[in-house]
Amino acid sequence: MVILSQQPHLKNIQGEKAGGVGLTFQEDDDLLSRGDRLRTRLMDQNNRVLVILDVWKALELEKLGIPNHNHRCKVTFTTRLRSVCEAMGAQKIMKVGTLSEEEEWILFRQKVGDFVDDSSLHGTAKEVAKECKGLPLAIITVAGALNKHKTKCSWDCALEQLHGVVTIIIPEVLTEVYKPLRLSYDYLRSNEAKCLFLLCSLFEENSDIHPEELLRYGRGLRIFPEIGNLEHARNMVCYLLETFKDGFLLSQGTYKNCQNA
């Protein structure tokens, strides 16, 4: 299984696939020779191979080293755009629908906590969940932002924000996803947290974010002007990264002390 970012590095992708089939490359191997070796290995496998790709835009499978039509190697890919399926010659396109209202509420309640069963919050919480439009990413991010807010006024405020957020037209991002993500950002508790999160967003997609690297950038950009002690600043960075992860704004990175952009 390989995740392709919006600006995919083809050699890195080939390297990930090679590890899955026990193949190693030399640093000076070019893109085409890597692709040929991968394709040969996939076609010669005794067992059948399923390659799963998560793609943003159409890619040439042959260039990646994936045989287009071979009974031993099947390719499945997920994408947000039907045009990508068509451009890559998908033999069968299956639309994944949104969650039903019941499924949406089960997931939302699981992530936010059972305190929303309280009669004073239940109705508003249901309305907030509905604003997520059945999209799991939206449900999880909103729940992460609200799981520490247990007063009705906080939930009423969140609902008003979801109703009133001015959306920015970003072709790759659904309006229904942008609004909950914006709410999660707005609910970060301090300017330092917001600035550090925006700094995280500058890292390359799917890359590891090292706390020490963030600390250096944060100090240089004066994100922590009131903190003179280096150890205190380091603890603050680690604490805020945990806050982002708890709110589902970042995920666990490759290594224990890293987060994923």
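The values are calculated or read from the model by the stated rules, or taken from the named source; none is laboratory data. Just so we're clear, the structure is a prediction, and the values are computed from it rather than from any experiment. We place every Cβ from the backbone using ideal geometry, glycine too, and count neighbours over all the protein chains shown. Heavy atoms of the whole protein, side chains included, go into the accessibility calculation; ligands, DNA and RNA do not. Shrake-Rupley method; radii C 1.70, N 1.55, O 1.52, S 1.80 Å.
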| Number of the condition not met by residue 225 [criteria: (1) more than 26 Å from residue 148 (Cα to Cα); (2) open to solvent by 50 Å² or more (accessible area, probe 1.4 Å); (3) touching a Leu at 6+ places or on another chain (Cβ under 9 Å); (4) of a type outside the set (A, V, I, L, M)] | (3)
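Every residue, every condition in (1) at pLDDT 80 or above; (2) over 23 Å from residue 95 (Cα atoms); (3) of a type in the set (Gly, Ala, Ser), yes or no:
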residue	(1), (2), (3)
3	no, no, no
14	no, yes, no
17	no, yes, no
22	no, yes, yes
36	yes, yes, no
42	no, yes, no
64	no, yes, no
72	no, yes, no
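Residues of the stretch 222-253 being aliphatic (A, V, I, L, M) and outside any helix (DSSP H, G or I), which ones?
223, 227, 249, 250
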| field | the stretch 99-158, subset basic (Lys, Arg), closer than 22 Å to residue 251 by Cα and assigned to a helix (DSSP H, G or I), residue most open to solvent (accessible area, probe 1.4 Å) | value | 109
| request: Determine which single condition residue 34 fails, assuming it passes every other condition in (1) in a helix (DSSP H, G or I); (2) in contact (Cβ under 8 Å) with a residue 40 or more places away in the chain; (3) open to solvent by less than 70 Å² (accessible area, probe 1.4 Å). | output: (2)
| exposed (fewer than 11 other Cβ atoms within 10 Å of the Cβ) and modelled with pLDDT under 80: does that describe residue 91? | no
| task | Quick one: in the stretch 190-214, of everything that is closer than 13 Å to residue 249 by Cβ and either in contact with a helix residue (DSSP H, G or I) (Cβ under 8 Å, 6 or more places away or on another chain) or without any contact (Cβ under 8 Å) to a residue 40 or more places away in the chain (or both), which residue is most open to solvent (accessible area, probe 1.4 Å)? | result | 198
